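Asker: Sharing a structure with you now.
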Amino acid sequence: MKILRNFTKRMFNLFFRRRKEISLGFYGPPNGGKTTLANRICKDWTGEEIGKVSKIPHETRNVQFKEEVEIKYKEKNLKFKLIDTPGIATKIDYEDFMKYKMKKKAAQKRAKEATKGIIEAIQWLDDMDAVVIVVDSTKNPYSQVNITIVGNLIAKKIPVLVVANKIDLKKSDIKRVEAAFPEYDVVGISAKYGKNMEEFYESVFKLAKMA
């Protein structure tokens, strides 16, 4: 009986530890605001940012993560591993980087690194308990990139929350994002200015219960 009780206790602890400390991945097209959002979360709850941001696409070219990010909100508590991934793209052309006054050699290097980062991001999907898709709410959400991301998530049966970022901009259209992702919850935020983060955190707690 003692052996059975110890086994049951271990399984109980393992189950709830796994449920409490989930792996939460941030996915989406380049420059949607994934790293900006990840930075805000990490700064709010750990005091440290996770990565660098810039106006040039594919600033994040490697998967980066922060262990044991713990959110305490409205008497709720959630600990998770935050994983920020490179922007997903169906095509990368080094000449696009040269439009940002980048020299040819540097642009070619960035394109190569970005391509490698996309492959890495997709491979990491196997380790995700839940995913936050971050899109620029000023842009058309009906893109091949978003279709590809959602298709992978549906196939792997990974719980998803869609974040319509950049609601501080005039061209922001949350309803269009909601129409593009009817099967998922959509929350509009401004990661840059911290607007509507309360609703975002509420949605993250809801997402965690599905993981």
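Asker: If you take the charge dipole of segment 21-210 about its Cα centre, with +1 on Lys and Arg Cβ and -1 on Asp and Glu Cβ, which of Gly47, Ile147, Val162 is farthest toward its positive end?
Answerer: Among Gly47, Ile147, Val162, the one farthest towards the positive end of the dipole of segment 21-210 is Ile147.
Asker: Another question about this same structure. Compute the helix-to-body angle for 197-210: its Cα long axis versus the longest principal axis of the chain, expressed 0 to 90° and rounded to tens.
Answerer: 60
Asker: Still on this structure, I have one more. Net charge around Lys116, counting only other residues with Cβ within less than 13 Å of its Cβ (Lys, Arg = +1; Asp, Glu = -1)? The partial results should precede the final answer.
Answerer: On the way: positive: Arg61, Lys109, Arg110, Lys112; negative: Glu113, Glu120.
Value of the local net charge: +2.
Asker: Moving on to the next point. Considering only Cα-Cα distances, which of the following residue pairs are longer than 26 Å: Lys43/Lys81; Lys157/Lys195; Lys66/Lys157?
Answerer: Lys157/Lys195
Asker: If contacts are Cα pairs under 8 angstrom and at least 6 residues apart, what is the relative contact order of segment 21-210 in percent?
Answerer: Values: 362 pairs, mean separation 43.7, N = 190.
Across segment 21-210, relative contact order equals 23 percent.
Asker: Let me ask something else. Summing Lys, Arg as +1 and Asp, Glu as -1, what charge do residues with Cβ under 13 Å from the Cβ of Asp93 carry, Asp93 excluded?
Answerer: Numbers: positive: Lys91, Lys99, Lys104, Arg110, Lys112; negative: Glu95, Asp96.
Value of the local net charge: +3.
Asker: As a test of the formula, what do you get for the chain when each DSSP H run with n ≥ 4 contributes -39,500 (n - 2.57) and the sum is divided by the residue count, at 222 nm and rounded to the nearest 500 deg cm²/dmol?
Answerer: Numbers: 7 runs with 90 residues, N = 211.
Calculated at 222 nm, the ellipticity per residue is -13500 deg cm²/dmol.
Asker: In degrees from 0 to 90, rounded to the nearest 10, what is the angle of the helix 2-20 Cα long axis to the longest principal axis of the chain?
Answerer: Approximately 30 degrees, to the nearest 10.
Asker: Residue separation times 0.36 nm, minus the C-alpha to C-alpha distance between Asn152 and Val63: what's the value?
Answerer: Working: separation 89, 0.36 × 89 = 32.04 nm, distance 1.76 nm.
Here the answer is 30.3 nm.
Asker: If you place +1 on the Cβ of every Lys and Arg, -1 on the Cβ of every Asp and Glu, and leave all else neutral, what size is the dipole of segment 25-161 about its Cα centre, to the nearest 20 Debye?
Answerer: Using Cβ point charges on Lys, Arg, Asp and Glu, segment 25-161 gives about 560 debye.
Asker: Need the full-extension length gain, Lys76 to Lys103, defined as separation in residues times 0.36 nm minus the C-alpha distance. One decimal, nm.
Answerer: Details: separation 27, 0.36 × 27 = 9.72 nm, distance 4.91 nm.
Gain on extension, Lys76 to Lys103, equals 4.8 nm.
Asker: Now, a different point. Determine, from the Cβ-Cβ distance of Ile119 and Ser54 and an R0 of 22 Å, the FRET efficiency 1/(1 + (r/R0)^6), rounded to the nearest 0.05.
Answerer: Working: r = 22 Å, r/R0 = 0.99.
It comes out at approximately 0.50.
Asker: Here's something else I'd like to know. Report, as a whole number in µm² per second, the diffusion coefficient that Stokes-Einstein gives for the chain at 4 °C and 1.567 mPa s using the Kirkwood radius over alpha carbon pairs.
Answerer: Working: Rh = 18.0 Å.
It diffuses with D of about 72 µm²/s by this estimate.
FYI, it's all coordinate maths here, none of it is from the lab. This one's a predicted model, so the numbers in the text were calculated from it and none came from an experiment. Note that each Cβ is placed from the backbone with ideal geometry, even for glycine, and that neighbours are counted across all protein chains shown.
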